[in-house]
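All remarks here apply to the structure that follows.
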Amino acid sequence: MWEQDYRLFDAARIDTVTVGVFSWALTQPAPEVYDFSMLDRIVQRAAGERRNICLATGTGAHPAWLARAFPEVTRTDFEGRRHRFGQRHNSCPSSPVFRQLSAEVARRIGERYADYPSIIAWHVGNEYGGACYCDLCAAGFRDWLRKRYANLDELNAAWYTTFWSHTFTDWDQIEAPSALTEHWRGPDHTAFQGITLDYLRFMSDAMLTNFIDEKAALRQSTPDTPVTTNFMGMYRPIDYHRWAAHLDFVSWDNYPPDDRSPARMALAHDLMRGLKDGQPFWLMEQTPSYTASRDVNPLKRPGVMRLWSWQAMAHGADAVLFFQMRASRGACEKYHGAVIGHAGRSDTRVFREVSQLGAELDRLGGALLGARTPARVALLFDWDSWWALEISDGPSRLVRYQQVVLSYYQALWEAGVDVDVVAVTADLARYDVVVAPVLHMLKGDLAPRLEEVAKRGGSVVTTFLSGRVDENDNAFLMDVPGPLGRLMGVRVDEWDVRGPEVVNPVRLRGGGKVAAQLVFELVQPDGAEVMGTYQADFYAGTAAVTRNAFGSGHGWYVGAGLDQAGVSWVIRQVLDRHELMGPYPDLPDLESAVRVTPEGERLLFLLNHSADAIDVPAPGAGVDLLTGRPVERGQPLRLKPSAVHVQTMS
Ligand code: GLA
């Protein structure tokens with residue numbers, strides 16, 4: 001089968017393979033036995049074929065013997081049930097045995113394969129995530145807390161433990177927040193947001209420690225080969241901003257929940273690129289055809305795999321890989337799409353499309369490598385705000401962080417503007433526009449840094465439920481939106497929230513009317529001009545959207561859950577002011593993106609996500625990188641459905 005596979009890899013120009021991701025039971029079949037014969041054959045063969053290898057440590061699932069010999073390596077779930085051996089991503093991050101043995105297998109793999117020049121990257125673990133609530137984790141949590149808080153007084157203040165008689169007088173009284181302790185109705189319903197928030201932070205850090213253990217073990221014999229692990233885009237349990245510095249490059253797996261939102265994928269790509277200050281990333285996994293884990297797993301239509309691969313590259317990917325190369329014969333992923341199906345044929349549509357993409361990238365050579373996105377717009381993304389918003393009791397469980405962030409990103413994306421999605425700690429000096437949707441938690445010196453953006457002429461946009469709490473999830477003892485109030489020139493004393501059936505129309509300055517739903521803050525201008533007013537209920541005629549002149553720039557406050565048209569109106573007002581609209585702002589399904597190569601060459605990507613052909617004039621002169629033909633400015637371009645156009649812009 002390998003003969004056949006390698007012939008097909010060649011045919012498809014597949015030059016990079018990730019191997020060994022779940023290999024632990026093969027490489028260590030018993031406590032004292034390490035057996036690398038299978039991995040040797042795989043690595044030697046791939047290296048002999050001059051294939052680039054991304055070699056995994058294989059610890060994304062532990063072997064059965066390990067769980068049997070040391071039951072502590074398995075996880076305890078939110079309900080308090082100690083799991084037995086099964087599935088994957090199944091190790092307790094605090095288990096000393098897991099930590100020691102996973103690092104040891106990584107050390108041995110590093111040592112054994114360090115000298116293979118074909119190994120261009122190490123892949124630690126797999127899709128870190130989930131959570132554990134065992135006693136070891138509870139002890140780990142207490143240690144983590146001792147480092148965070150100087151003493152129990154500080155911890156009690158941060159968690160506001162005078163509420164419901166929770167004052168802790170000994171560190172050992174602190175429990176992991178679970179269904180057995182602070183929670184009811186699941187992980188988002190907690191009596192103490194501060195405790196749950198710290199546990200989320202701790203759990204993300206505990207798994208990061210696992211990654212760091214293995215990376216350090218690899219580093220003993222391979223000091224230079226870059227190390228990564230595959231992230232999952234907007235994945236709530238892991239704060240990738242806390243992880244990013246420890247990865248040498250970011251890689252992620254793109255399995256969009258539906259096929260209707262290219263903007264959502266673009267947002268995830270930009271988030272991943274933003275983790276390491278705009279450094280290019282790898283698309284580590286995508287299915288060439290369908291997934292298997294959903295109830296219904298639709299097939300990617302002709303051209304869509306290519307379109308989405310190019311979308312990744314347009315947003316900063318320097319490599320595009322697939323899961324999986326050949327279809328698994330058994331177990332739960334046997335119906336997951338693969339480059340090579342069970343029958344090993346090359347005359348399938350999927351294989352043909354993968355080969356065409358391979359040929360295209362082969363012709364392109366290194367033209368894109370290392371290219372950066374020249375964004376003047378930043379969108380702030382913050383895991384703490386995400387967690388705090390969604391574990392909050394009140395004002396509304398219906399306001400979801402990703403949905404609100406996506407609606408603002410969607411507006412930017414439709415306008416065709418390049419966006420950096422960055423952490424709240426990012427340097428904002430290079431941006432003209434900073435968009436901070438539902439910035440629920442305001443940490444450190446962010447408020448003055450946002451004021452700086454406006455002072456020097458930039459625009460800052462924020463929304464309802466922003467500036468509410470400090471880093472411990474305690475309310476600011478001041479008017480809403482807390483430290484953002486000065487910049488926004490507003491004050492909010494009351495807010496109304498309703499179910500999705502209630503719509504309050506908002507009239508925008510200039511006459512347009514849009515709908516608002518879910519959350520309606522009663523915004524009182526305190527210097528800001530009113531840009532939109534509610535049209536119904538007892539607060540009809542009062543402000544829903546405002547703009548405040550601050551320095552030579554603006555602070556925009558959107559107090560209502562505007563529909564997409566409303567969000568787009570706000571975003572376009574802002575982009576217009578800074579002349580940042582993309583080349584085709586009236587064609588929302590035509591995505592445009594720019595990357596600038598290390599040599600300073602500007603590359604423009606146009607991607608047609610609509611079901612219809614789109615005709616546009618070329619926005620500039622250059623060379624079409626896919627055909628090699630010159631492009632004149634204004635020359636008609638016909639983009640068929642799923643078409644991709646990549647050109648230099650001279
Ligand atoms: C993840 C994993 C792979 C595989 C795919 C299936 O990304 O890393 O092992 O399970 O999902 O979609």
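The values are calculated or read from the model by the stated rules, or taken from the named source; none is laboratory data. Keep in mind that what you see is a predicted model, and the values were worked out from it rather than measured. Heads up, the Cβs are rebuilt from the backbone with ideal geometry, glycines too, and the neighbour counts pull from every protein chain shown.
Scanning segment 1-18 for residues that are of a type in the set (Asp, Glu) and surrounded by 13 or more Cβ atoms within 10 Å (Cβ to Cβ) yields Asp5, Asp10, Asp15.
Filtering segment 229-245 to residues that are within 16 Å of the ligand (Cβ to nearest atom) and outside any loop (DSSP other than H, G, I, E, B) leaves Asn230, Phe231, Tyr240. All of His315, His342, His269 fail the test of being more than 30 Å from Val424 (Cα to Cα) and out of contact with any Phe, Trp or Tyr (no Cβ under 6 Å at 6 or more places or on another chain), apart from His342. Could you tell me whether any residue of segment 5-22 is part of a helix (DSSP H, G or I) and within 23 Å of Ile109 (Cα to Cα)? Within segment 5-22 (the criterion being part of a helix (DSSP H, G or I) and within 23 Å of Ile109 (Cα to Cα)), the answer is no, since none of the residues qualifies.
Does segment 23-63 hold any residues that are out of contact with any Ser or Thr (no Cβ under 8 Å at 6 or more places or on another chain), within 16 Å of the ligand (Cβ to nearest atom) and assigned to a helix (DSSP H, G or I), and which are they? The answer is Ala25, Leu26. Looking at segment 185-205, can you tell me whether even one residue there is polar (S, T, N, Q) and more than 16 Å from Glu390 (Cβ to Cβ)? Checking segment 185-205: not a single residue is polar (S, T, N, Q) and more than 16 Å from Glu390 (Cβ to Cβ).
Filtered by the rule that a residue be under 12 Å from Tyr133 (Cβ atoms) and surrounded by fewer than 22 Cβ atoms within 10 Å (Cβ to Cβ), segment 184-201 gives a lone residue, Pro187. Only one of the numbered conditions (1) buried (at least 19 other Cβ atoms within 10 Å of the Cβ); (2) charged (D, E, K, R); (3) not in a helix (DSSP H, G or I) is violated by Asp248, and that is (1). Does segment 541-558 contain any residue that is aromatic (Phe, Trp, Tyr), farther than 28 Å from Val453 by Cα and either touching a Lys or Arg at 6+ places or on another chain (Cβ under 9 Å) or without any contact (Cβ under 8 Å) to a residue 40 or more places away in the chain (or both)? Looking through segment 541-558, none of the residues is aromatic (Phe, Trp, Tyr), farther than 28 Å from Val453 by Cα and either touching a Lys or Arg at 6+ places or on another chain (Cβ under 9 Å) or without any contact (Cβ under 8 Å) to a residue 40 or more places away in the chain (or both).
Of everything in segment 253-280 that's within 16 Å of the ligand (Cβ to nearest atom) and surrounded by fewer than 18 Cβ atoms within 10 Å (Cβ to Cβ), which residue is nearest to Pro641 (Cα to Cα)?
Of everything passing the filter in segment 253-280, Asp259 is nearest to Pro641 (Cα to Cα).
State whether one or more residues within segment 91-109 are more than 31 Å from the chain's Cα centre (by Cα) and touching a residue at least 24 places away in the same chain (Cβ under 8 Å).
Looking through segment 91-109, at least one residue is more than 31 Å from the chain's Cα centre (by Cα) and touching a residue at least 24 places away in the same chain (Cβ under 8 Å).
I need the full set of residues from segment 327-348 which are in contact (Cβ under 8 Å) with a residue 40 or more places away in the chain and either of a type outside the set (D, E, K, R) or touching a helix residue (DSSP H, G or I) at 6+ places or on another chain (Cβ under 6 Å) (or both), in order please. Cys332, Tyr335, His336, Gly337, Ala338, Val339, Ile340, Gly344, Ser346, listed by residue number.
A single entry from Val21, Val73, Val43, Val97 fulfils the requirement of being closer than 30 Å to His183 by Cα, among the hydrophobic types (A, V, I, L, M, F, W, C) and buried (at least 22 other Cβ atoms within 10 Å of the Cβ): Val73. So which residues in segment 527-544 are within 36 Å of the chain's Cα centre (by Cα) and under 15 Å from Asp493 (Cα atoms)? Listed by number, the residues that qualify are Ala543, Ala544. Within segment 249-272, residues that are more than 14 Å from Val320 (Cα to Cα) reach partners that are among the acidic types (Asp, Glu) and surrounded by 22 or more Cβ atoms within 10 Å (Cβ to Cβ) with beta carbons closer than 8 Å, at six or more positions or on different chains, in the pairs Pro262/Glu591; Ala263/Glu414; Ala266/Glu591; Asp270/Asp420. Of all residues in segment 334-344, those being away from the ligand (no atom under 13 Å from the Cβ), surrounded by fewer than 20 Cβ atoms within 10 Å (Cβ to Cβ) and within 20 Å of Val19 (Cα to Cα) number 3. Taking the residues in segment 55-69 that are small (Gly, Ala, Ser) and surrounded by 23 or more Cβ atoms within 10 Å (Cβ to Cβ) as candidates, determine which candidate is nearest to Leu321 (Cα to Cα). The extreme case among them is Ala56.
Evaluate the following for Val631: is it β-branched (Val, Ile, Thr), without any contact (Cβ under 8 Å) to a residue 40 or more places away in the chain, over 28 Å from Gly555 (Cβ atoms) and surrounded by 18 or more Cβ atoms within 10 Å (Cβ to Cβ)? Considered against the rule, which asks whether it is β-branched (Val, Ile, Thr), without any contact (Cβ under 8 Å) to a residue 40 or more places away in the chain, over 28 Å from Gly555 (Cβ atoms) and surrounded by 18 or more Cβ atoms within 10 Å (Cβ to Cβ), Val631 comes out as yes. Against the conditions (1) of a type in the set (A, V, I, L, M, F, W, C); (2) buried (at least 17 other Cβ atoms within 10 Å of the Cβ); (3) more than 22 Å from the chain's Cα centre (by Cα), Leu180 satisfies every one except (2).
Of all the residues that make up segment 306-333, how many are in a strand (DSSP E or B), within 16 Å of the ligand (Cβ to nearest atom) and under 16 Å from Ala593 (Cα atoms)?
Final tally of qualifying residues: 1.
Taking residues in segment 281-305 that are closer than 24 Å to Val124 by Cα and more than 9 Å from the ligand (Cβ to nearest atom), and partners anywhere that are among the basic types (Lys, Arg) and outside any strand (DSSP E or B), the pairs with Cβ atoms closer than 7 Å and at least 6 places apart or on different chains are Phe281/Arg273. Among the residues examined, Asn52 does not qualify as modelled with pLDDT of 95 or more, surrounded by fewer than 23 Cβ atoms within 10 Å (Cβ to Cβ) and either of a type in the set (Lys, Arg) or within 19 Å of Leu208 (Cβ to Cβ) (or both). For the residues Ala176, Ala150, Ala131, Ala138, the requirement of being free of Cβ contacts under 8 Å to residues at least 40 places away in the same chain and in a loop (DSSP other than H, G, I, E, B) singles out Ala150. Being under 34 Å from the mean Cα position of the chain (by Cα), within 24 Å of Leu218 (Cβ to Cβ) and of a type in the set (Gly, Ala, Ser) is the filter here; which residues of segment 1-55 pass it? Correct list: Gly20, Ser23, Ala25, Ala46, Ala47. Within the set Val417, Val460, the sole residue that is on the phi < 0 side of the Ramachandran plot, surrounded by 22 or more Cβ atoms within 10 Å (Cβ to Cβ) and part of a strand (DSSP E or B) turns out to be Val460.
If you scan segment 340-389, which residues turn out to be in a loop (DSSP other than H, G, I, E, B) and among the hydroxyl-bearing types (Ser, Thr, Tyr)? Hits for segment 340-389 are Ser346, Thr348, Thr373. Looking only at segment 81-90, which residues are away from the ligand (no atom under 16 Å from the Cβ) and under 29 Å from the mean Cα position of the chain (by Cα)? Result: His83, single match.
Of all the numbered requirements in (1) within 16 Å of the ligand (Cβ to nearest atom); (2) surrounded by 14 or more Cβ atoms within 10 Å (Cβ to Cβ); (3) more than 28 Å from Asp418 (Cα to Cα), Thr348 misses one, and that requirement is (1).
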